[in-house]
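Q: Input: one structure, supplied below.
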Amino acid sequence: MDSTLIKGLTVLEHLAGSEAPRGVSDLARSLNLTKSNVHRTLQTLVAAGYARATPAGTYECTLKLFELASSVLARIDVRQVAEPYMRSLAERTQETIHLSLLDKADVIYLHKIESPHPVRAYSSIGGRAPAYCVASGKALLAYQEEALAHLPEVLQVHTSRTIPSLDLLRRELEQVRIQGFAINRGEWREGVCGLAAIVHDAMGRPGAAIGISGPADRLNPAALRRYSDVVVDVARSLSRALGYNPITLSSHHAPRTAQGHAPSGATAEFA
């Protein structure tokens, strides 16, 4: 690989992920690079239009990244097709709705609709979360198990409810395949819960997940039980809108349990 290009992309990613402009020394410490190396990289990014210097001597990203991302998003049909289904789910649950994709061991929030409640789950379009900690991520991992190769045997714990090991995660993913949806019991952020189901495309590929998230006092076990059928129903409707028809596809595209049987609607454990 071109090490100069990798350093440039690394600096750019850190700038993009920062809530405030960053200085040369600050970036050098964060990335374990020399200040001269970071300074040269920043000057290159400025010349290419991806970054700009502030009057305070720090650097921040320009909107060129947004322009590039927008052109990519415009080609992703699922976002446009999903909009009315997300709005329907939002009306039925009054919670924040996410449409998510899997990127290695993370989920990326492709689209969202905010809850009308003043207290709601915080997230942002384009934001990331560890897939094993959130409902949409677990729904995607259950059908894209090759992504588990990016996870260590001992998982980083973010709250007292985070799944601590890959072995325990595999067991939960098996349950996700059986029941048809995944649950987040406050595993990424304390007091924030969620529920999500997989969305299939026309080829039967489990490419996205749709789900709800909100504070634990509203999304308690009873509410999660009540909304599980709603979320699964919307996910199936969105899959059909994307051209998914399990009857016309070969059996290996259909959702399966570890024993190879189609989901049976088994009772989920919400507590």
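The values are calculated or read from the model by the stated rules, or taken from the named source; none is laboratory data. Keep in mind that what you see is a predicted model, and the values were worked out from it rather than measured. Please note: Cβ atoms are built from the backbone with ideal geometry, for glycine as well, and neighbour counts cover all protein chains shown. Accessible surface is based on the protein model in full, side chains and every heavy atom, while ligands, DNA and RNA are left aside. Shrake-Rupley method; radii C 1.70, N 1.55, O 1.52, S 1.80 Å.
Q: For region 68-87, give me each residue that is open to solvent by 40 Å² or more (accessible area, probe 1.4 Å) and either among the small types (Gly, Ala, Ser) or at pLDDT below 75 (or both). Explain how you work it out, then say what you get.
A: Kept after step one, since they are open to solvent by 40 Å² or more (accessible area, probe 1.4 Å), are these residues of region 68-87: 68-77, 79-81, 83-85, 87.
Correct list: 69, 70, 71, 72, 73, 74, 75, 76, 77.
Q: Mind counting the residues in region 6-56 that are among the charged types (D, E, K, R), in contact with a helix residue (DSSP H, G or I) (Cβ under 8 Å, 6 or more places away or on another chain) and open to solvent by 80 Å² or more (accessible area, probe 1.4 Å)?
A: Initially, region 6-56 is screened for residues among the charged types (D, E, K, R), giving 7, 13, 19, 22, 26, 29, 35, 40, 52.
Now restrict to residues that are in contact with a helix residue (DSSP H, G or I) (Cβ under 8 Å, 6 or more places away or on another chain): 7, 22, 35, 52.
Of the ones still in play, those that are also open to solvent by 80 Å² or more (accessible area, probe 1.4 Å) are 35, 52.
Looking only at that region, the number is 2.
Q: Could you please tell me which pairs satisfy a Cβ distance under 7 Å, a separation of 6+ or placement on different chains, a first residue in region 1-13 that is touching a residue at least 40 places away in the same chain (Cβ under 8 Å) and under 12 Å from residue 38 (Cα atoms), and a second residue that is assigned to a helix (DSSP H, G or I) and open to solvent by less than 70 Å² (accessible area, probe 1.4 Å)?
A: Close Cβ pairs satisfying both conditions: 12/45.
Q: Let me ask something else. Among the helices (runs of 4 or more DSSP H) confined wholly to region 1-71, which include 2 or more residues that are of a type outside the set (Asp, Glu) and in contact with a strand residue (DSSP E or B) (Cβ under 6 Å, 6 or more places away or on another chain)? Write out each step before concluding.
A: Values: elements: 3-17, 24-31, 35-48.
In region 1-71, the matching helices (runs of 4 or more DSSP H) lie at 3-17, 35-48.
Q: Taking region 143-190, which residues are without any contact (Cβ under 8 Å) to a residue 40 or more places away in the chain, closer than 24 Å to residue 222 by Cβ and among the acidic types (Asp, Glu)?
A: 172, 190
Q: Okay, moving on. Please find, among 165, 115, 160, 136, the residue that is touching a Ser or Thr at 6+ places or on another chain (Cβ under 6 Å) and farther than 17 Å from residue 209 by Cβ.
A: Values: 165 fails: touching a Ser or Thr at 6+ places or on another chain (Cβ under 6 Å); 160 fails: touching a Ser or Thr at 6+ places or on another chain (Cβ under 6 Å); 136 fails: farther than 17 Å from residue 209 by Cβ.
Exactly one residue qualifies, and that residue is 115.
Q: Another question, if that's okay. In region 88-95, is there at least one residue being surrounded by fewer than 16 Cβ atoms within 10 Å (Cβ to Cβ), more than 23 Å from residue 206 (Cβ to Cβ), of a type in the set (D, E, K, R) and without any contact (Cβ under 8 Å) to a residue 12 or more places away in the chain?
A: Yes, because at least one residue in region 88-95 is surrounded by fewer than 16 Cβ atoms within 10 Å (Cβ to Cβ), more than 23 Å from residue 206 (Cβ to Cβ), of a type in the set (D, E, K, R) and without any contact (Cβ under 8 Å) to a residue 12 or more places away in the chain.
Q: Also, I was wondering about something else. Considering only region 1-34, how many residues are under 15 Å from residue 52 (Cα atoms), modelled with pLDDT of 90 or more and hydroxyl-bearing (Ser, Thr, Tyr)?
A: 0
For every residue, the table says whether it meets (1) open to solvent by less than 80 Å² (accessible area, probe 1.4 Å); (2) more than 22 Å from residue 205 (Cβ to Cβ); (3) modelled with pLDDT under 95; (4) not acidic (Asp, Glu).
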position: 116; (1), (2), (3), (4): no, yes, yes, yes
position: 120; (1), (2), (3), (4): no, yes, yes, yes
position: 124; (1), (2), (3), (4): yes, yes, yes, yes
position: 127; (1), (2), (3), (4): yes, yes, yes, yes
position: 133; (1), (2), (3), (4): yes, yes, no, yes
position: 136; (1), (2), (3), (4): yes, no, no, yes
position: 141; (1), (2), (3), (4): yes, no, no, yes
position: 147; (1), (2), (3), (4): yes, no, yes, yes
position: 157; (1), (2), (3), (4): no, yes, no, yes
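Q: Quick test for you: out of 206, 215, pick the one residue that is in contact (Cβ under 8 Å) with a residue 12 or more places away in the chain and under 24 Å from residue 114 (Cβ atoms).
A: Numbers: 206 fails: under 24 Å from residue 114 (Cβ atoms).
Result of the check over 206, 215: 215.
Q: Further question on the same structure: Read through the list (1) open to solvent by less than 40 Å² (accessible area, probe 1.4 Å); (2) in contact with a Gly (Cβ under 6 Å, 6 or more places away or on another chain), then give the number of the only condition that residue 161 fails.
A: (1)
Q: Test of understanding: among 136, 124, 160, which residue is in a loop (DSSP other than H, G, I, E, B) and within 16 Å of residue 96 (Cβ to Cβ)? Before the answer, list the steps.
A: Values: 136 fails: in a loop (DSSP other than H, G, I, E, B); 160 fails: within 16 Å of residue 96 (Cβ to Cβ).
Only one candidate qualifies: 124.
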